[in-house]
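The values are calculated or read from the model by the stated rules, or taken from the named source; none is laboratory data. Values in this document were obtained by computation on a predicted structure and should not be read as measured data. We place every Cβ from the backbone using ideal geometry, glycine too, and count neighbours over all the protein chains shown. Surface accessibility is based on the protein's heavy atoms, side chains included, excluding ligands, DNA and RNA. Shrake-Rupley method; radii C 1.70, N 1.55, O 1.52, S 1.80 Å.
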Amino acid sequence: MKSSLEIPKHWTFRSRNVATHFDEHVRESLPWYDLATNAVAHFGRHYIPNGGRVYDIGASTGNIGRALEDTLKQRQVRFTAIEESHEMADLYQGPPELIIADAVSFDYEPFDFAVCFLVLMFLPIDTRASFLRRLQGLIKSGGALVIVDKVQMPGGYVGTAFARLTMQQKLVMGAKPDAILAKELSLAGYQRPLDPRSLPKSARAFFQVGEFVGWIIEARQ
Ligand SMILES: C[S@@+](CC[C@H](N)C(=O)[O-])C[C@H]1O[C@@H](n2cnc3c(N)ncnc32)[C@H](O)[C@@H]1O
């Protein structure tokens with residue numbers, strides 16, 4: 001399906017139009033979106049205990065919460081989704097509860113499982129390393145933090161080839177070339193790929209398609 005999203009000149013999630021078209025747009029942009037979501041649900045089943053505590057950080061319309069829903073119900077989990085955009089939150093259709101807040105300054109409880117799915121690249125650069133350290137320190141013994149994000153590419157030709165893979169996949173999914181270009185320019189200054197060196201050394205990659213990588217991080221020993 002072709003997304004009818006109007007690309008804002010300066011990208012923002014605080015837009016009724018972006019929020020309304022988010023679900024179709026993200027699938028058009030990232031053909032692996034449902035596959036990676038499914039992997040997060042899989043890890044949830046491995047790390048969420050009975051009566052556990054779970055966060056979905058940067059929840060948008062509730063994709064991750066819905067993917068985890070069976071496990072949350074079956075294990076009587078306390079779940080919180082955090083989203084800063086009122087426009088996205090208005091269209092949230094995941095499990096309760098949703099809190100509208102800035103994820104970086106939010107006062108988290110120690111948790112068994114937390115997910116940052118395509119959100120770190122939108123956080124201010126100077127907050128990321130300390131935010132990740134704080135999150136890792138909050139993982140309860142036996143728990144995990146899952147991250148899926150866009151990463152800075154290596155230099156040289158291989159970096160060019162990786163970046164072109166993202167564009168090529170959008171074309172294959174039916175996105176219009178002018179919309180792909182408009183989105184790339186719209187993201188300038190707001191979406192800044194993650195430096196993988198800001199992740200703890202213990203992070204284990206479970207997924208990669210070109211510039212997008214998924215990691216699982218367990219509690220510090
Ligand atoms: C690409 S979307 C995330 C997709 C979502 N996790 C999913 O599974 O579909 C990025 C989301 O992060 C939210 N976001 C960005 N910065 C945030 C912050 N500081 N605190 C909370 N949410 C934030 C945006 O409003 C947006 O809804």
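When you look at V158, is it more than 24 Å from D112 (Cβ to Cβ) and β-branched (V, I, T), yes or no? Give the steps one after another, and end with the answer.
Numbers: more than 24 Å from D112 (Cβ to Cβ): yes; β-branched (V, I, T): yes.
The answer is yes for V158.
When only residues in the stretch 75-99 that are more than 8 Å from the ligand (Cβ to nearest atom), within 16 Å of the chain's Cα centre (by Cα) and more than 20 Å from V146 (Cα to Cα) count, which is most open to solvent (accessible area, probe 1.4 Å)?
Among those residues, the one meeting the criterion is Y92.
So how many residues does the stretch 100-111 have that are touching a helix residue (DSSP H, G or I) at 6+ places or on another chain (Cβ under 8 Å), open to solvent by 20 Å² or more (accessible area, probe 1.4 Å) and more than 8 Å from the ligand (Cβ to nearest atom)?
The qualifying residues number 3.
Identify all residues within the stretch 117-147 that are over 16 Å from the mean Cα position of the chain (by Cα) and open to solvent by less than 10 Å² (accessible area, probe 1.4 Å); write none if there are none.
Once the filter is applied, which keeps residues that are over 16 Å from the mean Cα position of the chain (by Cα) and open to solvent by less than 10 Å² (accessible area, probe 1.4 Å), the stretch 117-147 yields only G143.
For the stretch 168-200, what are the residues that are touching an Asp or Glu at 6+ places or on another chain (Cβ under 8 Å) and open to solvent by 70 Å² or more (accessible area, probe 1.4 Å)? If you could, list the steps in order and put the result at the bottom.
Going residue by residue through the stretch 168-200, those that are touching an Asp or Glu at 6+ places or on another chain (Cβ under 8 Å) are 170, 173-175, 193-194.
Result: M173, single match.
Cβ-Cβ under 7 Å, sequence separation 6+ or interchain: first residue in the stretch 43-66 and more than 19 Å from L138 (Cα to Cα) and open to solvent by less than 10 Å² (accessible area, probe 1.4 Å), partner near the ligand (Cβ under 7 Å from one of its atoms) and in a loop (DSSP other than H, G, I, E, B). Which pairs?
What qualifies is G65/A59.
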